[in-house]
Amino acid sequence: MLEDNVAIWEFNRGNREVLRRVYEKYKVNLMTLAAALLYDKDAAEDVVQDVFASFIEAAGKFRLTGSLKGYLTVCVANNARNRNKAKQRHDSVGLDGIEPIVSDSKRPDFPAMFGEELQRLTWALAQRPYQQREILILHVYSGMKFKEIAKLSGESINTLKGRYRYGLDKLRSLLNSEVKNETG
Amino acid sequence: MKPADNIRKLIKKLQVEPSADMDRKVHSRITKALEKWEKTKSASARPNIWRIIMKKPITKLVTAAAVILIAVLGISLLQNSATTAYAIEQTIKACRDARFIHFEYFGSSDNRMKEAWLEYDDSGQIKNVRVNFYNWGGGDDLVILWKRGRTQQWFKESKKLKLFEDKIYTDKIIFFVHRYDPAKAVENIQKMEKEGKVKFDIDEPTNKTAPIILTAVYDPNTYLLGRTMPQMKEIFSIDQPTKLVKAIEIYELKDGRYLDLGVWKYPDYDMAFDARIFSLEDEVPSDVNIVDMMALDIGLEQCDLTNEQIAIKLVREFLEALIVKDYAAASKLIYHETPKEEAEIQKDLEKINVLRIISIDKTFPPPPDKSRGFLGVSCILEIEKDGQIIRWEPNDIFVSHLLGHPNRCTIDSFKHP
């Protein structure tokens, strides 16, 4: 916590050397978040690079308050969301919105990086609509509160809580059905 | 059925490493930003204490006097230097290569203790400084961590962490390093002796197990940077076989005799520190109150005014605000760090009824034990107290430069009549 506060202070003073420390500290966390949201490692790398590029350019130009991790998480989530919207627009032109947003067959490299159990989870996550995936990942993986996510997405806390419960249920049934298919 | 908790645990286990190519791209971007930043950075970032000292007219006078004195004393002084130079040069050489220096101060008349760690980089520039103060007044132990111009001050009891970048403060840190890094301390004595500010004497005992004793006597007001000080004396104990400084005793001249203040001890040389010594991450509690000194908006800008002029202007504006009962404006001129402290000051000021300023025209140096204010301001006021109109001469209004704002001043505090 203190390390981040000192980093923010140094960042606000224009010390860009601190950016290396920040990148090294949060790169895995942010990459995981972006990859889980987009189900695409290349796109995730683009998102994290974009976020850091903006962060580097902004050094000393604005004042950062609060949590550094929270700030970067929100930046990644916003960037991923914009990319997803752009992709939806692109896909809807070509595919008439018939296909799901993502398909596990398209990204063999991404789930292959995990062990079997996590592979099933990433597959199941990929089956859920982006908004459900977002609330599950931001709340569970990034530890963001519903209030913070509501601020980010512009939706009510109750809507988000409902979506979270529904998403978790759906994820559970997807995982269980897959277990049944494999065993039965 | 997979319970929700298990799914949550599974989500938390997700981990995607960025590719080496991405790492390279981001670091390359940071490097470019750093290069751009370096180009725009002021070339005069490094402070030069001796330049500051030498710029002062009094220094020039003293230096001129010292040159004349040396010329007059001629051969006898040269003979004296010749007999003492040997030990001094050896000590400088022995201590100079240490990259890590750890030393401790023990106060003689109280429980005060300081512990300091210095680290130099490969090019011999000071990189990190940490000083721990124990039992240092007010029961608030303090840790100062300085890293290439940026300072963290952690007040343990009050759970406050101040962050600032301040050239004047950095000058003081560099001065501290020059004063107590043994190699620099001895070089400093040589230098100040040439400037006529210090006289020193070396006692080299024939018994080779006994320490060499170097005694240096400092002229008044030369011992610490910007502080009113009496004549001071330091006694260096130098190990004969290694020529390393083992201790520096400090004395001040009071009522015609030297008063023992304390001793710096150098238990080890060039033993690499644990890197955590220069990070407060694991030590500072999570509920510490962080004060960004650079963000404070209090006091007045000094602009082109002299120290005396800004001190009087500041106090005058403060008193005038009190007269018109603008307590918000008055409290802005008194040092504080949080809105809560400002509210308390304002509430306190509301109890004072200043009617008019009779006179305000003199400044005076703060007493030696006053560590914050750089100038005191004397004034005579007419106030109303307990239904009576009386004259009041407050004698403890001190003005300070604000840390992190070298050109801004505040009033230290203001007490009730």
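Just so you know, all these numbers are worked out from the coordinates, no wet-lab data involved. Just so it is clear, the structure is predicted and the values come from calculations on it, not from any experiment. Note that we place each Cβ from the backbone using ideal geometry, even for glycine, and neighbour counts take in every protein chain shown.
Are there GluC sites (Glu not before Pro) in the stretch B:96-189 that DSSP marks as loop and that have at most 13 other Cβ atoms within 10 Å, and which are they? Walk me through the numbers on the way to the answer.
On the way: sites: B:Glu104, B:Glu115, B:Glu119, B:Glu157, B:Glu165, B:Glu187; in loops: B:Glu157.
Passing both the DSSP loop test and the Cβ count: B:Glu157.
Given the pairs A:Lys145/B:Lys156; B:Lys13/B:Lys36; B:Lys114/B:Lys254; A:Lys147/B:Lys36, which span a C-alpha to C-alpha distance of over 28 angstrom in this model?
Working: A:Lys145/B:Lys156 31 Å; B:Lys13/B:Lys36 39 Å; B:Lys114/B:Lys254 23 Å; A:Lys147/B:Lys36 39 Å.
Distance filter (> 28 Å) returns A:Lys145/B:Lys156; B:Lys13/B:Lys36; A:Lys147/B:Lys36.
Please list, by residue number, every one of the trypsin sites (Lys or Arg not before Pro) in the stretch B:142-235 that is coil in DSSP and has at most 15 other beta-carbon atoms within 10 Å.
B:Lys159, B:Lys208, B:Arg227
With label points built 7 Å along Cα→Cβ from the Cα atoms of B:Ile389 and B:Asp282, find their separation and express it in nm.
Those two pseudo-labels are separated by 6.7 nm.
Within the stretch B:90-115, what residues put their amide N at less than 13 Å from the label point 7 Å along the Cα-to-Cβ vector of B:Phe273?
Correct set: B:99-104, B:115.
Give B:Lys191/B:Lys233; A:Lys27/B:Lys32; B:Lys184/B:Lys265; B:Lys385/B:Lys415; B:Lys197/B:Lys362 a once-over and call out the pairs whose C-alpha atoms are over 22 Å from each other. Please report the intermediate quantities before stating the final value.
Working: B:Lys191/B:Lys233 16 Å; A:Lys27/B:Lys32 19 Å; B:Lys184/B:Lys265 15 Å; B:Lys385/B:Lys415 14 Å; B:Lys197/B:Lys362 29 Å.
The pairs that break the limit, which is 22 Å between Cα atoms, are B:Lys197/B:Lys362.
Testing the spin-label approximation: label points 7 Å from Cα along Cα→Cβ at A:Ile157 and B:Lys340. State their distance in nm.
2.5
Which aspartates and glutamates, if any, have their Cα less than 15 Å from the Cα of B:Lys332, not counting same-chain residues under 8 positions apart?
Correct list for B:Lys332: B:Asp297, B:Glu301, B:Glu317, B:Glu320, B:Glu341, B:Glu342, B:Glu344, B:Asp348, B:Glu350, B:Asp412.
Which GluC sites (Glu not before Pro) does the stretch B:191-296 hold that lie in a coil by DSSP with at most 14 other beta carbons within 10 Å?
On the way: sites: B:Glu193, B:Glu195, B:Glu234, B:Glu249, B:Glu252, B:Glu281, B:Glu283; in loops: B:Glu195, B:Glu281, B:Glu283.
Counting only loop positions with at most 14 other Cβ atoms within 10 Å, the GluC sites (Glu not before Pro) in the stretch B:191-296 are B:Glu281, B:Glu283.
Pairs of alpha-carbon atoms within less than 8 angstrom and 6+ residues apart define the contacts here; what relative contact order does the stretch B:296-411 have, in percent? The partial results should precede the final answer.
Working: 205 pairs, mean separation 33.2, N = 116.
Over the stretch B:296-411, the number comes to 29 percent.
Note the full-extension length gain between B:Glu350 and B:Asp122 as 0.36 nm times their separation in residues minus their Cα-Cα distance, in nm to one decimal. It would help to have the intermediate numbers written out before the result.
Working: separation 228, 0.36 × 228 = 82.08 nm, distance 5.64 nm.
Answer, rounded to one decimal: 76.4 nm.
So, R0 is 56 Å and r is the distance between the beta-carbons of B:Arg8 and B:Asn407; what FRET efficiency does that work out to, to 0.05? Each step should come with its number before you reach the end.
Numbers: r = 54 Å, r/R0 = 0.96.
For R0 = 56 Å, the calculated efficiency reads 0.55.
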